[in-house]
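Note sheet for the following structure.
Nothing in this text is a laboratory measurement; each read-out follows from the coordinates by a stated rule. These numbers come from a predicted model, not from an experiment. A quick note on method: Cβ atoms are made from the backbone with ideal geometry, for glycine too, and the neighbour counts reach across all protein chains shown.
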Amino acid sequence: MSASRKVFVLTGAGISAESGLGTFRDKGGQGIWARFDPMKLATPEAFARDPESVLAFYDLRRRNLLSARPNVAHFALARLESALAERGGSLTLVTQNIDDLHERAGSASVVHMHGELLKARCGRCEAVRPWLDDLSPSDLCSDCGRAGGLRPHVVWFGEMPLAMDLIDRALRKAELFVAIGTSGAVYPAAGFVAEARAYGLRTCEINLEAADNADLFDEQRLGPASATVPAWVEELVGG
Ligand code: BV8
């Protein structure tokens, strides 16, 4: 792996678990989706039906995020980004996470394929603006001045993920595909490893426990991201 200079990394909730942000489907049944029904809170239909409950759900997660801090796994990926650039290589960092911990750890280029919790989007004029406070149906859009259209700038189930063309182009150009802290349960992200294999990339899974699509990876490194990710980055660009 150490020869690889064009690296594609996909992260999931597992990389933010040690920053105190819940994962969705952890075995202990304490994941977010064990406590909240995604089909009642993370779909456009749910938002149309009951905007208050949906917005309250994201208010809770936004407050949690504002009191969270990036961990050593986030910092290791920021280091990898600059180290590869110094070597004429490149890192494409795609995350399913809606938190901003990669950016707070110093990653300059992060592709949020499922959106960003600290931004709001107006359903009327499509404007996207930073939003750090709770969000309510009576809040006015600062662009079109209308109320009732603002929603978290996140991708709900049944909605098209963001930057899919960019992601496909980067997958075709990369030499190594690494999935970190993701269970491989949600598509199209869970399908990237198969695409990577089809394009001839080496594939590696870094996870606490084997993902649903673990058999599609050439290599596996199991353990908490705080241990596995810095060690992997050191191996790739250290010394
Ligand atoms: C779409 C934002 C059309 C909002 C999210 C094909 C087959 C079956 C179903 C489908 C299919 N194609 C589409 C679907 C439907 C659906 C889907 O996949 N359903 C699933 C449930 C079966 N997909 C969609 O609706 C997508 N849209 O398909 O549009 C289309 C089709 C083709 C091309 C383009 C468009 C939209 C999906 C996005 C939904 N929004 N998030 C919000 O956050 O509220 S998804 C959300 O859940 C996350 O973003 C993430 O994607 C997913 C959670 O997964 P993970 O991040 O992997 O987290 P999880 O808890 O599951 O796992 C954590 C992992 O970490 C575990 O492996 C654990 O072992 C590990 N871990 C834990 N602690 C640590 C650790 N690892 C290391 N260290 C630790 N300390």
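Within the chain, the cysteines lacking any other cysteine Cβ closer than 4.7 Å to their own Cβ are C204. The loop-placed chymotrypsin sites (Phe, Trp or Tyr not before Pro) in the stretch 125-186, going by DSSP, that have at most 16 neighbouring Cβ atoms within 10 Å of their Cβ come out as F157. Projecting the Cα atoms of P161, S226, Y187 onto the dipole axis of the stretch 150-239, where Lys and Arg carry +1 and Asp and Glu carry -1 at the beta carbon, places P161 farthest toward the positive end. Each Lys and Arg adds +1 at its Cβ and each Asp and Glu adds -1 at its Cβ; summed about the Cα centre, the chain shows a dipole of about 280 debye. Taking every DSSP bridge with both residues inside the stretch 104-239, close to 50 percent are antiparallel.
Note on the stretch 67-111: with charges restricted to the Cβ of Lys and Arg (+1) and Asp and Glu (-1), its dipole about the Cα centre is near 120 debye. For Y187 and R35, a Förster radius of 22 Å and the Cβ-Cβ distance give a FRET efficiency of 0.45, rounded to the nearest 0.05. For the stretch 86-168, the Cβ-based charge dipole about the Cα centre amounts to some 160 debye (Lys, Arg positive; Asp, Glu negative; other atoms uncharged).
Given the DSSP H assignment, sum -39500 (n - 2.57) over each helix run of at least 4 residues in the chain and divide by its residue total; what's the result at 222 nm in deg cm²/dmol, nearest 500?
-9000 deg cm²/dmol
The listed peptides 115-122, 217-224, 54-61, ordered by packing as a protection proxy, come out as 115-122, 54-61, 217-224 (highest mean of other Cβ atoms within 10 Å first).
Multiplying the residue separation of D50 and L132 by 0.36 nm and subtracting their alpha-carbon distance yields 27.4 nm.
Taking amide hydrogens as placed 1.01 Å from N in the peptide plane, the amide H of H153 sits under 5 Å from those of E116, K119, A120, R121, each at least 5 positions away in sequence or on another chain.
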